[in-house]
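Read the structure below first, then the notes.
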Amino acid sequence: MTIDESTAESAQFFNLTEDEMGYQDRYQEYLEEVSGDIAYCIESGKRPVFGYTSDLDVVFQYDPKVIDQLIAEHLTEEPKLRTEDLITSLSDLARVIAGYMMEGAGGEIDITDYEVCTYLNEHFEGTPGLGGTCAQGAAALAATGMPLLAHITDRCKEVCTLLDYPGLEGVRDGRAVPIRELATEETPVYHMILQYSKGDVFHIGDKEYTVPCSNRLIMDYDTIHKDLNVDADFRKYLEEHAEDLISYNISGMNGIVDAELVKRRMEEMSEHYRRIREKNPGCIFYFESAHYLSQQVMQEVYSSMAGYVDIMGMNEEELAVYAGESTGQALNKGSLDDILRCLQRVKEQYGAKGIILHTKDYSLYYGKKLEGIDIEKGLTIGNLMSGTRARVGRYGTREECAESLSLSLSEKGLRFAEELSQKALSEYTCLVPSRYMEKPKYTIGLGDTFVAGVQMAFVSEKK
């Protein structure tokens, strides 16, 4: 099916004309521009930058027998999701896994007892992979051929091998070098991830439950990322080459639990950001949110970043956490009005010029119209790269992204686009429906891959 046939099929489903849909499909047009964007960066030396963390993920395959055994042997209380939750025992593990699967939710939780890691490794079949918002975003962008710089924290050989792409560089001794030259003999930092798909079945007692939405639960046994350690060498290199930075993508503070510590670290980093901003006012600062282990730390990070961030990115679950914390009310993900109200509150509280919300059905920019930047292009390529990873199970090449154009546009995304076209809003708002899959092959790192694709909007502006 071609991209035009896909769009026509979606319009026929809703009995809408293209104008009434509120969305004109430009996926193929934007994808054809990417080769020129990459060539520009290779020739000019201009680079996107990703920071700050990496780890080695272990992705577990869903096994209904193992899940049922875990629940039957260790579930001692009602499954439910809790703010600032911890997995301190096998009882917590059973409660948390059951609770997340019942909701079809995704999240990130700390493991404090190594016995839990042992249980997961012994009972589930796991596959190692790349972890960390920075590392996954960098790898996804490098897979398209784009040159870039990245700061990583776990530099074990396994992580550096997974990041060994042409044009993907780190900083060592004042020079930009291939990531493989940063490799050490250190033991990997492990993050353990359970994927579950829509329709997966599990049991609590005699009652059967079905997972309503494909998602993943990230469980961290990790001491490195309880602090923010950004190399002075990396900071100095960026400050000395600030004019060459297209965008600065910041993440990796969500594992910190000490609010006083993060306050000190953010004061240090603010000086770094100020120096870059002074030398290159056009550099886009993009801050990707996450599931924070401490809400107090989240508030400190958000407030500290407010003075520098151009765009704040988040997914539906992260926006829902914010809605619950700030209003005490659950976010209605099926209501565009509710989503827009919540985005406005985030923007007002933290002062970002704009917010990008990425979901399985659509991506949306809400805020100030950024001069010279085609944000629709960024949302489109972000959707396409994320969808390709979900479809093929790896970071997609440009050729694989082109193959994803055969996927239909999301019905919910088209509905929201049509609804948005009827609204008069004070803020600039752009919504792009995703290329949709009911049962993705992979659910890990989709948001990080989306952020990688958004960078194409900023590259185009520099050309």
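Any read-out appearing in this document is the output of simple, stated calculations on the displayed coordinates, not a laboratory observation. Predicted model only: the values in this text are computed from it and were never measured. So basically every Cβ, Gly included, is an ideal-geometry build from the backbone, and we count neighbours across all protein chains shown.
According to the Cα-based calculation, Rg over Rh for region 155-214 is 1.35, with Rh computed by the Kirkwood formula. You can think of it this way: the chain between Thr210 and Asp68 has 49.9 nm of extra reach, that is 0.36 nm per residue less the Cα-Cα gap.
Length gained on full extension, Asp338 to Lys198, computed as 0.36 nm times the residue gap minus the Cα-Cα distance: 47.9 nm.
With +1 on the Cβ of every Lys and Arg and -1 on the Cβ of every Asp and Glu, and nothing else charged, how large is the dipole of region 93-251 about its Cα centre, in debye rounded to the nearest 20?
The dipole of region 93-251 has a size of about 340 debye.
What fraction of the DSSP beta bridges in the chain is antiparallel, stated in percent and rounded to the nearest 5? Just about 50 percent of them are antiparallel.
Modelled spin labels at Gln24 and Arg172, positioned 7 Å past Cα toward Cβ, are 4.9 nm from each other.
Remark: spin-label model distance Arg180-Ser421 equals 5.0 nm, labels positioned 7 Å along the Cα→Cβ axis. The computed volume of the Cα convex hull per residue in Å³ for the structure shown corresponds, within [x] 137; [y] 157; [z] 242, to [x].
Compared with the alpha-carbon gap, the fully stretched path from Arg264 to Glu371 is longer by 35.2 nm at 0.36 nm per residue. Counting only the Cα atoms, region 309-364 fills a convex hull of 71 Å³ per residue. The charge dipole of the chain, taken about the Cα centre with unit charges on the Cβ atoms of Lys, Arg (+1) and Asp, Glu (-1), comes to about 880 debye, rounded to the nearest 20. Within the straight-line cut-off of under 28 Å between alpha carbons, the lysines reachable from Lys441 are Lys65, Lys80, Lys157, Lys198, Lys207, Lys333, Lys360, Lys377, Lys412, sequence neighbours fewer than 8 places apart in one chain being disregarded. Here's the picture: charge each Lys and Arg Cβ at +1 and each Asp and Glu Cβ at -1 in the chain, and of Gln295, Leu431, Val201 the one pushed furthest to the positive end of that dipole is Leu431. Within the straight-line cut-off of under 14 Å between alpha carbons, the aspartates and glutamates reachable from Lys279 are Glu239, Glu240, Glu243, Asp244, Glu271, sequence neighbours fewer than 8 places apart in one chain being disregarded.
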